[in-house]
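Below: one structure, written as structure tokens.
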Amino acid sequence: MTYSRPRRRGTGRLLCVPLGVVLTAVLLPAGIAGAGPVPAAPRIHDIQGAAQLSPLVGDQVTQVPGVVTAVTGNGFWAQDPRPDTNEATSEGIFVFTRSKPTVVVADSVLVDGLVAEFRPGGATSANLTRTELDASAVTVAAHGAPLPPAVVVGPHGRRPPSTVIEDDATGDVDTSGTFDPRKDGIDFYESLEGMRVAVDDAVVIGPRTQFGEVPVLPERGAGAAVRSRGGGLVLRPGDTNPERLIIDDTLAGVPAVNVGDSFPGRSVGVLDYAFGNFKLFLTATPQVATGEIARETTQPARADELAMATANLENLDPSDPPAKFQGLAQEIVGSLRSPDLLALEEVQDNSGPDDDGTVAADQTVAQLVTAISAAGGPAYDWRSISPDNNADGGEPGGNIRVGFLFRTDRGLGFVDRPGGDASTPVTAADDGTGHARLSLSPGRVDPLNPAWVNSRKPLAGEFLWHGGRVIVIADHWNSKGGDDPLYGRYQPPRLPSGIQRQAQAKAVADFVTSIRAVDPHARVIVAGDLNDYEFSAPLKTLSTGTGLRDLATGLPVDDRYTYDYEGNSQVLDHILLSPELTRQPYVYDIVHMNAEFADQISDHDPSVVRLRLG
């Protein structure tokens, strides 16, 4: 998996809490965030205030009025039926009762309790807090009260900012920056925290996840930024798309949907925050209108074209069901048209996640190759180097690695040079004719460099295409796990994973440079899951000075995506070519067949380049 930040369901106090994570209420000094005198009988908007933190946090309050709008296993949401005139102050709040509450929706209640800020993941986590009342007493004043009208979010209601999540905080948004719901997405949604919120004719921009989350745009995406070819929303420099809203199944079921599907009519829920995102907990299951998205297929290579692809197999191991192997085989044979060469990522060892010391992956690969043949594909061969046990990151015990799958029936051959192992670096040297050759094939690129600690080491291989040499480097760079969420307390988000990818980019760039120093006309391909965007600093490091061209940058913006994360369509998988290759005709294609679908063969889209080599 590319992203591995904690993703949990519900209010943050419910199930699926990871071992060792403490969920706490943050009780801050009453004077923080400009607290004034506590009203004798405060309203919810007094408690919420126009800030990320309540001005009354830590105070005991009594007789807070509200109407129950939704109920969960350890509390309920209440909203003031008499709002103030300030859109920056929310009228809704979560009331924490610890056990299942006895109130029901539409009860008019008076709540006594402690004003608290609950931070999912514990006091030191990067999550925002949720303002809540830790109830000591709940009095039902009446039943059957009218529910406060839902705030409609979208072009014909309250419109969220279109590009900026937060641009004036420097560090912790709890204590820095200006609270401005008109300009900052993080403040916009905070101003609606706990309230009834509605979206009309929501269109899906990311498939439903295993956590029951679906990112959507209101009003079928009217007024949204650059849409993807499949109907998603493209992540761009300086635009993290705060118009996205995530629907969640905590209170009501959410159907399995693909990008481009929609929920006709009005979808209503309560807006909450949990584990890195504001989420709309729907109070009724929506109807679905199916979109027209279809899995793509690339064109087959011509007789004079070398077809080279990259694909992430998402932790493939022999314990996976046969259907996964069959699906991957169909992807390779049917959708990628049996390319000559594939750089594969996330191939696990023969025992998968069992942490038993196994590092060999021959059974995993044999099962895949057999499935490809059964699907009508050619006989593929495999080259890779097994990692040291638990040294390359990924799922513990899985020992994922990169490798080459290739066919030899159309003119491609692999040059085997023995000696490659987990720790010996491959180098480039003159073959005596002015052309670059590898010392090892396959061989690992700079494997002892600290840049590759707990991360997959790149694999270099030397190939012959109708007698001409091509050097290919398969990559799977450090994942984004451990980075701050976009809607987190620290702004701009801290991205420590990028520091390691920057070092990895330099290591690969240095190796490419060493090849081209021997032979400026060397035909070099760098391919794989680089876990970063085409406009990111690591990709610029890889291409600047090496002459490599990232083929994704040549596509139309609406076609630049291999992955969909929380509704942001983005490029994480890349193929880069050296100048000698870009001087000749080529066709590059990202084959959109996974990222936008709830039923995925893998979580990444593969891509393929067809090279017409002289």
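Can you name the number of the only condition in (1) in a loop (DSSP other than H, G, I, E, B); (2) surrounded by 20 or more Cβ atoms within 10 Å (Cβ to Cβ); (3) among the β-branched types (Val, Ile, Thr); (4) in contact (Cβ under 8 Å) with a residue 40 or more places away in the chain that Val105 fails?
(2)
Right, Thr170: under 25 Å from the mean Cα position of the chain (by Cα) and surrounded by fewer than 21 Cβ atoms within 10 Å (Cβ to Cβ) or not?
Against the criterion (under 25 Å from the mean Cα position of the chain (by Cα) and surrounded by fewer than 21 Cβ atoms within 10 Å (Cβ to Cβ)), Thr170 qualifies.
Mind listing whichever residues of the stretch 253-283 are among the charged types (D, E, K, R) and in contact with a Phe, Trp or Tyr (Cβ under 6 Å, 6 or more places away or on another chain)?
Listed by number, the list holds a single entry, Asp272.
Looking only at the stretch 345-368, which residues are of a type in the set (A, V, I, L, M), out of contact with any helix residue (DSSP H, G or I) (no Cβ under 7 Å at 6 or more places or on another chain) and open to solvent by less than 30 Å² (accessible area, probe 1.4 Å)?
Ala361, Val365
Can you tell me which residue within the stretch 79-99, out of those that are out of contact with any Asp or Glu (no Cβ under 8 Å at 6 or more places or on another chain) and free of Cβ contacts under 8 Å to residues at least 60 places away in the same chain, is surrounded by the fewest Cβ atoms within 10 Å (Cβ to Cβ)?
Thr85
Could you count how many residues in the stretch 323-348 are in contact (Cβ under 8 Å) with a residue 24 or more places away in the chain and either part of a helix (DSSP H, G or I) or small (Gly, Ala, Ser) (or both)?
Residues flagged as in contact (Cβ under 8 Å) with a residue 24 or more places away in the chain and either part of a helix (DSSP H, G or I) or small (Gly, Ala, Ser) (or both) within the stretch 323-348 amount to 14.
Matching residues to (1) among the polar types (S, T, N, Q); (2) in a loop (DSSP other than H, G, I, E, B); (3) buried (at least 21 other Cβ atoms within 10 Å of the Cβ); (4) free of Cβ contacts under 8 Å to residues at least 24 places away in the same chain:
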| position | (1), (2), (3), (4) |
| --- | --- |
| Arg494 | no, yes, no, no |
| Lys506 | no, no, no, no |
| Ser514 | yes, no, no, no |
| Val526 | no, no, yes, no |
| Leu539 | no, no, yes, no |
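Quick one: which of Pro146, Pro160 is open to solvent by 30 Å² or more (accessible area, probe 1.4 Å), under 16 Å from Met195 (Cα atoms) and not in a strand (DSSP E or B)?
Pro146
When you scan the stretch 413-464, how many residues do you find that are open to solvent by less than 10 Å² (accessible area, probe 1.4 Å), part of a strand (DSSP E or B) and touching a residue at least 60 places away in the same chain (Cβ under 8 Å)?
4
The values are calculated or read from the model by the stated rules, or taken from the named source; none is laboratory data. Worth saying up front: this structure is predicted, and the values here are computed from it rather than measured. Positions of Cβ are generated from backbone atoms using ideal geometry, with glycine treated the same way; all protein chains shown enter the neighbour counts. Heavy atoms of the whole protein, side chains included, go into the accessibility calculation; ligands, DNA and RNA do not. Shrake-Rupley method; radii C 1.70, N 1.55, O 1.52, S 1.80 Å.
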